[in-house]
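Down below is the structure, laid out as structure tokens.
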Amino acid sequence: MVEPRVGDHGPAARLAGETEPANALAPRSDDTPFVNLRDPARTLGPDGRPAVSRRAPIWADVPDERWNDWRWQLSNRVNTLEEVERVLNLTDDERAGLSTPDKFRVDITPYFISLIDPDDPNDPIRRQVIPTDCEHEAFTAMMEDSLAEDRHSPVPGLVHRYPDRVLMLVTTQCASYCRYCTRSRIVGDASQNFNRHDIEAQLDYLRRTPQVRDVLLSGGDALTLNPKLLESVLRSLREIPHIEIIRIGSRVPVFLPQRIDDELCEMLAKYHPLWVNLHFNHPDEITPEVSRACDKLAGAGIPLGNQSVLLAGINDCVHIMKALVHKLVENRVRPYYIYQCDLVEGSGHFRTPVGKGLEIIEGLRGHTSGYAVPTYVVDAPGGGGKIPVMPNYLISFSDHKVVLRNYEGYITTYEEPVQYTPHDQANCRYCQHPRSEPGQGGIAGLLQGDRLWIEPADFEQTHRRGNVAPHRLQDPSKWVPYGVGPIEGKAAKERAGLPLPGLEPGSNGRTQLDADAYAPGEEPRPREGEPTGWSHGELL
């Protein structure tokens, strides 16, 4: 049976152990088993079994035992135009992208392609894995190796860019392939895969480099390795005394949650301290299967983080990002980074201005828990590493270029996209039904020039979680700085050309404000050259 699309919620959804809707306020006896209504890993479907996501009709007859076998999923990935067209109704651009002989590799697990709306060309999951003709359009500052990883490789597959940590590439293979992949120059190419000799050379370098304390396994995707080879790498790293932390960067739980089984988690738990960073870009990717996979990893004592890439037409919206980070935290995954899309070949149509990322961060910070606010970074072109987009590191900003510096003082530039289609708010279900959040308009009021600070709309009557009475710190007088110019009220007459009392000379010879003429914060701007601070009736 085809289940409702992920994201649909209704009265039929229940949690394991709950036989009928429970009244959370009803009295319970001491022996009543507790049912955790918020644990997404225990959600049940309408049939009372663990909830499942949509399965495309062409696989409707596949037995559940095979469908849930990660090896079957890998063996039955779709990659040709004919195979994809059996699942999706393709556009002309998609047909052209799939027909190009030199395209970046296409492979999509049956599970992941089943999540796509077959009739929606703008489906956010679809755009991440289905190539289009846009991939072959060049753009300004496009590079093959935009992060200069090859230049920082002392041995093949090992990138030593930072003082105390390295990136260890152990495979070029992934469960599925993201169209914006920063390593598309090697990823997906079986002829460039790393063999045991390459991995041993990487390990030998680490044994001889005691300043390295943190190793990140990536590729490709380390969780696609043969289980015995993966454990061999982990065991070898744990035998190096100065390696403190092992991390795995993986999109396997997104593309192939079936791979996260008890056997894998038991093996990973032997090599603590071990962390796993996942890669979710949109809330539609977090399915019941994914929730159970994250639960298994977290249950094995593995801290989970998430790295998203800011992608035009997919997640360049504060409401989408807020929904994503909330679902991540609910699944015990800490939002870690939002990456600006790299200047890599084939990614031009995914790129957004840096200002879009700043807008999203502004819409998250303070409006949701600090646990749910990632760091917005640009992975510096030329090999400068990850640079947070914040005042200490953002040197200058123009309509076409951003100048940044890293922790070493390395100066780099990020070229802004020439063309960027703003997020389509009118057709975005997250924008049409956002979580109620008064005052999230942000910086727009400042840019209009008539105010020097932000006072959210309906500030005095803000309704938060049913509280009608404003908090004492919502007293508007606490938001009115003195002596900084007109806001509204009587001072508005000055802008309209109406007469107003001026500054009268005080007894001490200094000018002082006629306190009866203006309310706090309504005094006119001082004349050129005069101080702007005002306290206790005297100019500072």
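The values are calculated or read from the model by the stated rules, or taken from the named source; none is laboratory data. Because the structure is a prediction, the values reported are computed rather than measured. A quick note on method: Cβ atoms are made from the backbone with ideal geometry, for glycine too, and the neighbour counts reach across all protein chains shown.
If you go through region 118-139 and pick out every residue that is surrounded by 15 or more Cβ atoms within 10 Å (Cβ to Cβ), assigned to a loop (DSSP other than H, G, I, E, B), touching a helix residue (DSSP H, G or I) at 6+ places or on another chain (Cβ under 7 Å) and not aromatic (Phe, Trp, Tyr), you end up with 3.
For region 114-163, the set of residues classified as of a type in the set (A, V, I, L, M, F, W, C), closer than 21 Å to Asn281 by Cβ and touching a Gly at 6+ places or on another chain (Cβ under 9 Å) consists of Ile130, Cys134, Phe139, Leu147, listed by residue number.
Residue pairs whose Cβ atoms lie under 6 Å apart, sitting 6 or more positions apart in sequence or on different chains, and linking a residue in region 367-382 that is at positive phi to a partner that is polar (S, T, N, Q), are Gly382/Thr412.
Name the residue that is surrounded by the most Cβ atoms within 10 Å (Cβ to Cβ), counting only residues in region 169-223 that are in contact (Cβ under 8 Å) with a residue 24 or more places away in the chain, of a type in the set (S, T, N, Q) and more than 26 Å from Cys265 (Cα to Cα). For region 169-223, the residue satisfying everything is Ser184. When region 378-421 is limited to residues that are part of a strand (DSSP E or B) and of a type in the set (Ser, Thr, Tyr), the one that is nearest to Ala141 (Cα to Cα) turns out to be Tyr414.
Ile302: part of a loop (DSSP other than H, G, I, E, B), touching a strand residue (DSSP E or B) at 6+ places or on another chain (Cβ under 6 Å) and in the same structural domain as Ser369 (by TED's automatic domain parsing), yes or no? In short, yes. Being closer than 29 Å to Leu74 by Cβ, in the same structural domain as Asn277 (by TED's automatic domain parsing), in contact with a Phe, Trp or Tyr (Cβ under 7 Å, 6 or more places away or on another chain) and not in a helix (DSSP H, G or I) is a property that does not hold for Thr182.
Got a sec? Which of Leu328, Leu358, Leu297, Leu324 is hydrophobic (A, V, I, L, M, F, W, C), in the same structural domain as Pro257 (by TED's automatic domain parsing), in a helix (DSSP H, G or I) and surrounded by fewer than 21 Cβ atoms within 10 Å (Cβ to Cβ)? Spell out the reasoning first.
Numbers: Leu328 fails: surrounded by fewer than 21 Cβ atoms within 10 Å (Cβ to Cβ); Leu297 fails: surrounded by fewer than 21 Cβ atoms within 10 Å (Cβ to Cβ); Leu324 fails: surrounded by fewer than 21 Cβ atoms within 10 Å (Cβ to Cβ).
Selected residue: Leu358, the only one of Leu328, Leu358, Leu297, Leu324 that is hydrophobic (A, V, I, L, M, F, W, C), in the same structural domain as Pro257 (by TED's automatic domain parsing), in a helix (DSSP H, G or I) and surrounded by fewer than 21 Cβ atoms within 10 Å (Cβ to Cβ).
Taking each residue of region 70-84 that is touching a residue at least 12 places away in the same chain (Cβ under 8 Å) and looking for partners that are surrounded by fewer than 16 Cβ atoms within 10 Å (Cβ to Cβ) with beta-carbon atoms closer than 6 Å, six or more apart or interchain, yields Leu81/Ser99. Candidates Thr171, Thr209: the one that is in contact with a Phe, Trp or Tyr (Cβ under 7 Å, 6 or more places away or on another chain), of a type outside the set (A, V, I, L, M), outside the structural domain of Ile108 (by TED's automatic domain parsing) and under 26 Å from Arg235 (Cβ atoms) is Thr171.
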